[in-house]
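Working notes, structure below.
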Amino acid sequence: MSDGVMRAAHDVLIVGGGGAGLRAAIAIAETDPRLDVAVISKVYPMRSHTVSAEGGAAGVIADDDSLDEHCYDTVSGSDWLGDQDAIEAFVREAPEELLQLEHWGCPWSRRPDGRIAVRAFGGMKKMRTWFAADKTGFHMLHALFQTSLKYNEVRRYDEEFVTRLLVDDGRVHGVVAIGLMTGRIQAVTAKAVVLCTGGCGKVFPFTTNANINTGDGMALAYRAGAPLKDMEFVQYHPTGLPFTGILITEAARAEGGWLLNKDGYRYLQDYDLGKPSPTPELRSMELGPRDRLSQAFVHEVEKGRTADSPYGPIVHLDLRHLGEKLIDTKLPFVRELCLKYERIDPVHELVPVRPVVHYMMGGVHTDIDGATPLGGLYAAGETACVSINGANRLGSNSLPELLVFGSRAGRAAAEYASAAGSTPAVVEAQAADEVRRLERDLLGKGPGTESIAAIRDDMQATMEEAAGIFRTGPAMAKGADTLAELQERVGNVGLADMSRSFNTELLAALELANMLDISECILEAGMQREESRGAHQRTDFPARDDERFLTHLLVHRNPDGTSQVEHFPVTITRWPPGERVYGR
């Protein structure tokens with residue numbers, strides 16, 4: 001490539017090596033073995049965030065369950081904002097994907113009779129969550145990674161960070177990436193690109209997400225011209241460890257764990273969790289939807305019924321009555337996490353927990369096959385919004401979503417790449433521009449007057465204040481003004497580290513730019529949605545408003561860097577909007 005830009009070329013390039021990315025790579029290799037496929041990942045694939053998923057993966061397999069019931073639970077759980085054609089496809093294909101994963105080596109836990117074991121999960125009225133003890137994501141990712149190795153046509157670029165999508169005339173033709181070990185900047189052209197970079201939980205200060213979850217794919221697509229959808233919906237998980245934010249899986253409650261306030265009282269019986277009866281069944285109320293449980297925690301704080309800790313108010317998760325044998329068999333990782341990070345043994349002691357940012361329902365706008373409005377650009381997994389999750393994701397739907405839509409996006413990208421033409425020459429100039437930007441504005445700038453860490457801390461504090469479990473229009477507007485100031489301050493950030501190899505300061509600067517763009521999208525969409533639905537609860541608009549807001553919101557980036565919001569219809573096939581219930 002001209003101007004000294006190094007270049008590699010492939011038919012399909014997947015950005016992200018987690019569950020969705022590896023499933024897409026396998027689907028492409030199986031669809032057309034003649035295609036040259038590459039996976040480029042910020043971390044070694046087995047360090048992707050999929051590995052940390054604990055609880056399980058939903059798929060209809062029990063005799064007393066049905067596809068329609070899984071569909072309805074998902075539609076209702078989404079507060080009727082999920083696209084029902086995508087939900088029907090997801091529910092139909094999820095069991096097939098989970099069985100395929102077993103054939104690839106995923107060791108699903110078993111019942112005594114040898115059949116697949118399933119457990120209850122929040123918001124689901126039937127037991128349909130497959131699990132591998134409480135290390136489900138770990139075993140799924142291992143199976144996918146090992147399977148991907150048998151396809152010689154899949155090339156990997158490990159520990160490379162993508163900084164820009166190359167776009168010409170509404171079509172994507174590849175990326176520019178920087179190697180973390182070498183500092184080498186290169187263009188990687190492709191006829192189709194699939195974004196599978198995960199979520200963006202690190203825009204908040206307290207999250208179950210790993211440090212790598214900085215919204216990279218969402219920001220890449222947004223800047224390239226693809227809209228982001230439903231960004232106002234941020235899921236809080238009700239049980240994170242107070243100090244670290246590490247997740248205590250919903251499986252702990254599925255196996256019978258209780259949530260207790262400071263008085264030892266199972267407080268959830270005082271709240272409407274969407275159940276049909278005003279007297280919830282005590283055995284299952286801890287498995288209400290995650291948004292309702294997180295909101296109940298806030299009300300307990302307001303009533304003064306939570307305990308104090310150095311990291312804010314907490315409640316307790318009680319597993320003691322489950323017994324050591326069950327905990328060691330079905331929840332061994334929960335015990336390990338509590339012992340290592342809290343020095344608490346859940347067999348004998350209460351576990352302190354509080355709500356923590358866990359998952360983004362929103363993401364890159366795609367159709368049912370993962371295609372974005374930009375030609376040749378696809379997305380799957382948490383970085384995408386297809387949307388099956390709507391305003392609130394049900395627990396255990398995210399892992400099969402990686403499989404179903406990773407596979408769909410891979411097949412669609414393979415078909416597109418097979419018919420696509422050659423890379424236009426103008427892409428070379430774009431790549432050269434990006435190399436000059438990185439060399440001049442970051443690596444060549446020298447120390448600045450602003451600190452990356454200080455801006456990141458201010459951003460996270462702003463998002464927690466403006467886009468928490470409960471929100472108001474004025475608070476979000478104030479947060480948006482603060483983010484605009486932070487965007488100005490970013491221009492004065494420089495790098496003290498001029499090294500090329502593993503320059504973590506450079507990586508932090510690039511990630512910060514991504515997170516600020518995503519944060520602005522979250523608040524912009526939140527200000528526009530003047531209602532309360534699912535995870536988006538506005539105290540100044542406390543009711544759900546189907547007349548005005550039974551619609552997706554798409555955030556587009558304007559050429560000047562500002563954003564605009566567009567309404568996009570929700571697909572309704574069989575289930576008209578109704579009261580959101582749980583357990584009916």
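The values are calculated or read from the model by the stated rules, or taken from the named source; none is laboratory data. The shown structure was predicted, so the numbers you read here are calculated from the model rather than taken from an experiment. Cβ sites come from the backbone with ideal geometry, for glycine too, and all protein chains shown count toward neighbours. We work out accessible area using only protein heavy atoms, side chains counted, and drop any ligands, DNA or RNA first. Shrake-Rupley method; radii C 1.70, N 1.55, O 1.52, S 1.80 Å.
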>> Being open to solvent by less than 70 Å² (accessible area, probe 1.4 Å), within 27 Å of Y72 (Cα to Cα), in contact with a strand residue (DSSP E or B) (Cβ under 8 Å, 6 or more places away or on another chain) and at pLDDT 95 or above: is that true of M124 here?
In response: no
>> Given (1) of a type in the set (D, E); (2) open to solvent by 50 Å² or more (accessible area, probe 1.4 Å); (3) touching a residue at least 12 places away in the same chain (Cβ under 8 Å); (4) not in a loop (DSSP other than H, G, I, E, B), identify the lone condition not met by E547.
In response: (3)
>> Please return the ranges of strands (runs of 3 or more DSSP E) entirely within region 314-368 where 2 or more residues are under 16 Å from I248 (Cβ atoms) and touching a residue at least 40 places away in the same chain (Cβ under 8 Å).
In response: 315-318, 351-360
> Out of all the residues in region 41-64, which are in a loop (DSSP other than H, G, I, E, B) and either open to solvent by less than 20 Å² (accessible area, probe 1.4 Å) or in contact with a helix residue (DSSP H, G or I) (Cβ under 6 Å, 6 or more places away or on another chain) (or both)?
Replying inline: V43, S48, A53, E54, G55, G56, G59, V60, I61
>> What are the pairs with Cβ atoms under 8 angstrom where one residue, in region 284-303, is without any contact (Cβ under 8 Å) to a residue 24 or more places away in the chain and the other, located anywhere, is in a helix (DSSP H, G or I) and surrounded by fewer than 23 Cβ atoms within 10 Å (Cβ to Cβ)? Sequence gap at least six, or different chains.
In response: M285/Q269
>> Criterion first (charged (D, E, K, R), part of a helix (DSSP H, G or I) and crowded, with 24+ Cβ neighbours inside 10 Å) does E382 satisfy it?
In response: yes
> For A412, are the conditions met, namely being at pLDDT 90 or above and either over 30 Å from A57 (Cα atoms) or open to solvent by 30 Å² or more (accessible area, probe 1.4 Å) (or both)?
Replying inline: no
>> Yes or no: region 514-531 includes at least one residue that is assigned to a loop (DSSP other than H, G, I, E, B), farther than 18 Å from Y222 by Cβ, among the acidic types (D, E) and open to solvent by 70 Å² or more (accessible area, probe 1.4 Å).
In response: no
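The rows are residues; the columns are (1) in a helix (DSSP H, G or I); (2) touching a residue at least 24 places away in the same chain (Cβ under 8 Å); (3) buried (at least 17 other Cβ atoms within 10 Å of the Cβ); (4) in contact with an Asp or Glu (Cβ under 6 Å, 6 or more places away or on another chain).
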site: A8; (1), (2), (3), (4): no, yes, yes, no
site: L13; (1), (2), (3), (4): no, yes, yes, no
site: A24; (1), (2), (3), (4): yes, yes, yes, no
site: V39; (1), (2), (3), (4): no, yes, yes, no
site: E69; (1), (2), (3), (4): yes, yes, no, no
site: Y72; (1), (2), (3), (4): yes, yes, yes, no
site: A86; (1), (2), (3), (4): yes, yes, yes, no
site: R92; (1), (2), (3), (4): yes, yes, no, no
site: L98; (1), (2), (3), (4): yes, yes, yes, no
> Across region 211-267, what is the number of residues that are open to solvent by less than 10 Å² (accessible area, probe 1.4 Å), of a type in the set (K, R) and not in a helix (DSSP H, G or I)?
Replying inline: 1
> Any idea which residue in region 415-439 is nearest to G288 (Cα to Cα), counting only those that are open to solvent by less than 10 Å² (accessible area, probe 1.4 Å) and hydrophobic (A, V, I, L, M, F, W, C)?
Replying inline: A417
>> Give me the residue from region 491-506 that is more than 15 Å from R440 (Cα to Cα) and in contact (Cβ under 8 Å) with a residue 12 or more places away in the chain and, out of that set, most open to solvent (accessible area, probe 1.4 Å).
In response: F502
> Residues in region 570-583: is at least one within 23 Å of V386 (Cβ to Cβ) and either without any contact (Cβ under 8 Å) to a residue 40 or more places away in the chain or assigned to a strand (DSSP E or B) (or both)?
Replying inline: yes
> Which residues, counting only those in region 105-116, are surrounded by fewer than 17 Cβ atoms within 10 Å (Cβ to Cβ) and either of a type outside the set (D, E, K, R) or closer than 30 Å to F568 by Cβ (or both)?
Replying inline: G105, P107, P112, G114
> If we scan region 557-564, do we find a residue that is over 30 Å from Q487 (Cβ atoms) and open to solvent by 40 Å² or more (accessible area, probe 1.4 Å)?
Replying inline: no
>> Consider region 440-456. How many of its residues are surrounded by fewer than 18 Cβ atoms within 10 Å (Cβ to Cβ), touching a strand residue (DSSP E or B) at 6+ places or on another chain (Cβ under 8 Å) and either at pLDDT 85 or above or hydrophobic (A, V, I, L, M, F, W, C) (or both)?
In response: 2
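Using the structure shown, decide if P542 is open to solvent by 50 Å² or more (accessible area, probe 1.4 Å), touching a strand residue (DSSP E or B) at 6+ places or on another chain (Cβ under 9 Å), without any contact (Cβ under 8 Å) to a residue 60 or more places away in the chain and at negative phi.
Details: open to solvent by 50 Å² or more (accessible area, probe 1.4 Å): yes; touching a strand residue (DSSP E or B) at 6+ places or on another chain (Cβ under 9 Å): no; without any contact (Cβ under 8 Å) to a residue 60 or more places away in the chain: yes; at negative phi: yes.
No: the conditions fail for P542.
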